[in-house]
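S.K.: Quick one: structure below, then a few questions.
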Amino acid sequence: MSIEQFSVRGRLADTGEGITADELQLAARNHGMPLEGLRYDVTPPGLHYVLVHYDIPATNAATWSLTVDGCVEQPLSFSLTHLRAMGRRTVRVTLECAGNGRAALQPRPISQPWLNEAVGTAEWTGVLLSDLLRAAGIRADAVDVVFTGADHGVERGVEQDYQRGLSVTEAIDSGAIVAWEMNGQPLPPQHGYPLRLVVPGWYGMASVKWLRSIELIDHEFTGFQNAVAYRIRKTADDPGEPVTRIEPRALLIPPGFPDFMSRHRFVAAGTVTLHGRAWSGWAPIERVELSVDAGVSWHPAKMDAVGNDELAWRSFSYDWDATPGEHVLTVRAADASGREQPIEAEWNRGGFANNTAQRITVLVT
Ligand SMILES: Nc1nc2c(c(=O)[nH]1)N[C@H]1C(S)=C(S)[C@@H](COP(=O)(O)O)O[C@H]1N2
Ligand SMILES: [Mo]
């Protein structure tokens, strides 16, 4: 039997099929941010969501090298010490996995079964990618920039290093940074130690961890993670549209206290101030609306001031006059580009970018 045959293909869950052992295995390795983690402006590192396709590779900062080559005037190789001498900037960025919301889709695409929690905000410190590219000299024939991580695996029969491409324009205009610190500390192993790319505003798949190579190529990159995975498609043979920037989403810190198993909430009647965060990779968040009657009527949330970092989440609150009985809270955000969260999910085969409005069932006692 060959590697290709041994590898498992993506599929959709059958009607009524529960979470499979394969999904459980992924969910036990990768983890989301518990939603009470929304209370922090910057997510403490252990609470930030984690997604790793293959294994966390064994890496060594002392011997690490990052190469920049291909369509450049001067191929370069950087040690961590060299990179630190190139500059130092810190950006606060909300990262979200493109698969966030996947497990709620019907039929369910079998993959990492995220509900709502594949998100986190960190302060990433490193050097601007554009400074590295300019140091090497971008040749006129450069089209795409290919980022390669040190991790290796098989996906739907294709053996590969984790690799993603961006156009030269996206690589520069996104303000991407090559980071060695998260929240002022060396990157934790699961977040890319010793070096990763962070592409502000883009779904997480673009932010290649354990970054070892940056190659400029003279054609469009057609690697697996760009051309096969991370496409919005309705059918298996549809070439689809690439997954790029983060769609708007608002999430509430679930109020009161939870039932252990169902996560249904309990709060005492009276004024309950609901708090949450909203973000979008396309444009600043403009408004957040809440419904406390399962989407029948909507009320504007009070938006807190915008911070300095446009691509970090924005906090909001709403004073809810909680009356006894069962209530369904719903929250939705809209950004300045006119994008608004849907109330009903828009399905796609990979389960990407499902930013359907969050619903929380609360029993007021
Ligand atoms: N080398 C490498 N980079 C990677 C991945 C990976 O599996 N390997 N996963 C990507 C995906 S799909 C996401 S959502 C983010 C997750 O980043 P985090 O674990 O730091 O939150 O990393 C991205 N970068
Ligand atoms: Mo992801």
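Rule-based calculations on the coordinates, nothing more; no lab input. Just so we're clear, the structure is a prediction, and the values are computed from it rather than from any experiment. Virtual Cβ from ideal backbone geometry, glycine too; neighbours counted across all protein chains shown.
S.K.: Kindly list the residues of the range 330-346 that lie in the label zone of ARG233, defined by a backbone N under 20 Å from the point 7 Å along the Cα-to-C-beta vector.
M.R.: 346
S.K.: Here's another thing I want to ask about it. Just to check I understand the Karplus step: with θ = phi - 60° and J = 6.51 cos²θ - 1.76 cosθ + 1.60, what whole-Hz values come out for the range 40-57, glycine and proline as x?
M.R.: Taking θ as phi minus 60°, the curve returns 8, 4, 10, 6, x, x, x, 9, 5, 4, 10, 9, 10, 5, 10, 10, 5, x Hz for the range 40-57.
S.K.: Please give the residues of the range 305-323, grouped as numeric ranges, whose backbone N is less than 14 Å from a label point set 7 Å along the Cα-to-Cβ vector of ARG89.
M.R.: Label zone hits: 309-311.
S.K.: Ranked highest first by average number of other Cβ atoms within 10 Å, how do 230-237, 326-333, 97-104 line up?
M.R.: 97-104, 326-333, 230-237
S.K.: Would you mind classifying the range 1-74 by shape? Square roots of the alpha carbon gyration tensor eigenvalues, ordered a ≥ b ≥ c; an a/c under 1.5 is rounded, otherwise it is prolate if a/b is larger than b/c and oblate if not.
M.R.: Details: a/c = 2.41, a/b = 1.20, b/c = 2.02.
In terms of gyration-tensor shape, oblate.
S.K.: Also, I was wondering about something else. Near GLU340, within a Cβ-to-Cβ distance under 13 Å, what is the net charge of the other residues, with Lys and Arg +1 and Asp and Glu -1?
M.R.: Numbers: positive: ARG249, ARG287, ARG332, ARG339; negative: GLU247, GLU286, GLU289, ASP335, GLU344, GLU346.
That sum, taken over residues with Cβ under 13 Å, equals -2.
S.K.: Please list, in order along the range 356-365, the HN-Hα scalar couplings obtained from phi with the Karplus expression 6.51 cos²θ - 1.76 cosθ + 1.60 (θ = phi - 60°), rounded to whole Hz, x for Gly and Pro.
M.R.: Values, residue by residue: 3, 3, 5, 10, 10, 8, 10, 9, 8, 10 Hz.
S.K.: Over the chain, what is the mean sequence separation of C-alpha contacts under 8 Å (at least six apart), divided by residue count, expressed as relative contact order in percent?
M.R.: It comes to 18 percent, rounded to a whole number.
S.K.: Label point 7 Å out from GLU220 along Cα-to-Cβ: which residues of the range 152-169 have amide N under 15 Å?
M.R.: 165-169
S.K.: Taking only DSSP H segments of four or more residues, each worth -39500 (n - 2.57), what value at 222 nm results for the chain once the sum is divided by all its residues, to the nearest 500 deg cm²/dmol?
M.R.: -2500 deg cm²/dmol
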